[in-house]
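Take a look at the structure set out below.
The values are calculated or read from the model by the stated rules, or taken from the named source; none is laboratory data. Here the structure is a predicted model, which means the values were calculated and not measured. FYI the Cβ positions are ideal-geometry reconstructions off the backbone, even for glycines, and counts take in every protein chain you see. Quick note on the areas: whole protein, heavy atoms, side chains included, nothing else; ligands and nucleic acids left out. Shrake-Rupley method; radii C 1.70, N 1.55, O 1.52, S 1.80 Å.
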Amino acid sequence: MRLLRYAVLAAVCLLALAFPQLATWADQEFYISVASRVLIWGLFATSLNLLVGMGGMVSMGHAAFFGIGAYVVGITAVEAPQWSGALLVLPLAVLVTGALALVIGAISLRTRGVYFIMITLAFAQMLFYVFISLKGYGGDDGMQLLARSPLGSLKMADDTVFYYLVLALLALCLLGLARLRDSRFGRVLAGIKDNEARMESLGYATFRFKLTAFVIAGGMGGLAGALMANQNGYLSPNMLYWDQSGTALVMVILGGLGSLWGGLAGAAAFLLLEEVLAAFTPHWQIILGLVLLGVVFFAPRGLAGLFARKPR
Amino acid sequence: MSAPLLETHALCKRFGGLLATDSVSLSVRRGECHALIGPNGAGKTTLIGQLSGSLRPDAGVVRFDGRDVTCLGAHQRAMLGFARSFQITSILNDFSVLDNVGVALQAVSGSSFAFWRPVAAETALSTEATAILDKVGLAGLASRRARDLSHGEHRQLEIALALATRPQLMLLDEPMAGMGPDESERMVRLITELKGRYTILLVEHDMDAVFRLADRISVLVAGRVIATGTVDEIRANDAVKCAYLGEEEVD
Ligand SMILES: Nc1ncnc2c1ncn2[C@@H]1O[C@H](COP(=O)(O)OP(=O)(O)O)[C@@H](O)[C@H]1O
Ligand SMILES: [Mg+2]
């Protein structure tokens, strides 16, 4: 089992590294940008997995950070083009969405369960309507980007170059999360998910730990949004809409709640299913629903759970 | 020795029309084992909740070591030296037995806002956790998932968690609830060992155990403390006999 795990892991890493070459060799360069989208969705779903899977905080408003991360790129390009370099604008997107998560989290984490779902959803929907009405930034038409955020002498317009940037950032985030999960903080977060009242009575100010996780997840979601805006050359209020949060949640459940690779596995499976099924029938979401039911009943730890290590 | 470590003054808690805690003034001396007895539904768990900080009293004061802690939450009181074991087992079900105690230790040894270093590499934590498991008699089960333990073992783990936070005051809510006679006997011996080293407020139904363990006893009936005294005083108290001990015999 352990060997199989490493074999799968190595195969996935190799495939990810060699993908642009394989696609070029097969004369299917189009798929390089498809792969970038998979990785970006993977990053977004991974950030949500930190909340839902590791921390037990089911948020239906994670799109707020996805969308605002994108708008940081779009608004910077218009208002302060001199700052639109990737080395400035990507960290800026993380900072802004992290700060936003601090505010949203500080309010919504005072509630629990269904109320938490509703209040996070409400915040994201509020931002959606704000940006719909901001005609200066495109209103519901969104914003077109003239170019990807420049990074040194790299040719960012080249899909292969951009793919590797996304891959590197995703790898960094996964490494960070892997360390976090096994750290003191990660163990406390797992404890809060397991039994929050007990953690309180052991002396943990659980609110602070949850808020910290919420901020990290928000910043990571914002990074994903900033990358998605760059990938598409376009952004719109739709990135803030609740169905984006729902999609990420479906990916997390599909891939494996709380497992490190769950977000990425879920994003890959979801987008692949969408691609394949949509070719057969316009009602592909029905089949997706059946697959989701199957996962919940027969593989509750998701796709990644089939290979992942046993939970603690 | 006789200065109170924990004091309450006129504590009240109401659930709708029910006065679950009715003007309770209680004093637990430093180092004593103080038993709290009373029939089911008397409000013992509710009182423990207000002492540990998980329940807000409607009125009254809780003082710890002379300091007013009424407004402090459960985690703040835990940091001051409160530890609680729950009547209905409350542990980290998906953690190993060792990690349950490890995470409790972690709360009192350094900051937990550490994101990079693997906690498993902190041998000081696992060494101390193993020692505590040994003390409560769970040494052989360290790597088992907490959920999979037997009921009696869950109760032992409750005590281990309370011990791990290096408390001054232990609030033990029916630690022997649901245990067989052998397990109960082991628990009584464990609490005997803890006596003197910790100040203990013990809620317990088993009168034999209470009479063996307690230095003093308070009797709670319908939310009110009707008597406080030594074992002999309580045994001789007519009001207690009538309200509580008599009822036990009928049971
Ligand atoms: N959260 C609550 N809401 C409403 N009533 C409660 C609550 N908790 C306890 N009670 C009631 O308060 C009374 C005291 O309960 P409890 O403190 O659990 O008693 P004991 O531990 O002495 O058996 C009981 O009548 C119980 O039904
Ligand atoms: Mg009780």
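Considering B:SER96, B:SER54, B:SER25, B:SER90, the condition of being open to solvent by 50 Å² or more (accessible area, probe 1.4 Å) and under 30 Å from B:SER150 (Cα atoms) is satisfied by B:SER54 alone. Of all the numbered requirements in (1) over 14 Å from the mean Cα position of the chain (by Cα); (2) open to solvent by less than 40 Å² (accessible area, probe 1.4 Å); (3) within 16 Å of ligand 2 (Cβ to nearest atom), B:PRO175 misses one, and that requirement is (1).
Specify the residue that is nearest to the other protein chains (Cβ to nearest Cβ); the eligible residues are those in the stretch B:167-194 that are within 16 Å of ligand 1 (Cβ to nearest atom) and not hydrophobic (A, V, I, L, M, F, W, C).
Just the residues of the stretch B:167-194 that are within 16 Å of ligand 1 (Cβ to nearest atom), to begin with: B:171-178.
Imposing the further condition that a residue be not hydrophobic (A, V, I, L, M, F, W, C) reduces the set to B:173-175, B:178.
Working: B:ASP173: 11, B:GLU174: 16, B:PRO175: 15, B:GLY178: 19 Å.
That would be B:ASP173.
Restricting to the stretch A:124-140, and then to whatever is in a helix (DSSP H, G or I) and open to solvent by less than 40 Å² (accessible area, probe 1.4 Å), can you tell me which residue is farthest from A:ASP194 (Cα to Cα)? Once the filter is applied, the top-ranked residue is A:GLY139. Have a look at A:LEU303, A:LEU264 and point out the one that is open to solvent by 20 Å² or more (accessible area, probe 1.4 Å), under 19 Å from the mean Cα position of the chain (by Cα) and at pLDDT 90 or above. Step by step, each of A:LEU303, A:LEU264 is checked, and only A:LEU264 is open to solvent by 20 Å² or more (accessible area, probe 1.4 Å), under 19 Å from the mean Cα position of the chain (by Cα) and at pLDDT 90 or above.
Only residues that are more than 16 Å from A:GLU200 (Cβ to Cβ) and more than 15 Å from ligand 1 (Cβ to nearest atom) were counted in the stretch B:24-74, giving 20.
Scanning the stretch B:28-60 for residues that are more than 10 Å from ligand 2 (Cβ to nearest atom), in a loop (DSSP other than H, G, I, E, B) and more than 14 Å from chain A (Cβ to nearest Cβ) turns up B:ARG30, B:GLY31, B:GLU32, B:PRO39, B:PRO57, B:ASP58.
If the condition is being within 11 Å of another protein chain (Cβ to nearest Cβ), buried (at least 16 other Cβ atoms within 10 Å of the Cβ) and among the polar types (S, T, N, Q), then the stretch B:61-85 contributes only B:SER85. Scanning the stretch B:129-153 for residues that are buried (at least 17 other Cβ atoms within 10 Å of the Cβ) and on the phi < 0 side of the Ramachandran plot yields a total of 12.
Restricting A:ARG198, A:ARG181 to residues that are touching a Leu at 6+ places or on another chain (Cβ under 8 Å), part of a helix (DSSP H, G or I) and open to solvent by less than 10 Å² (accessible area, probe 1.4 Å) narrows the list to A:ARG198.
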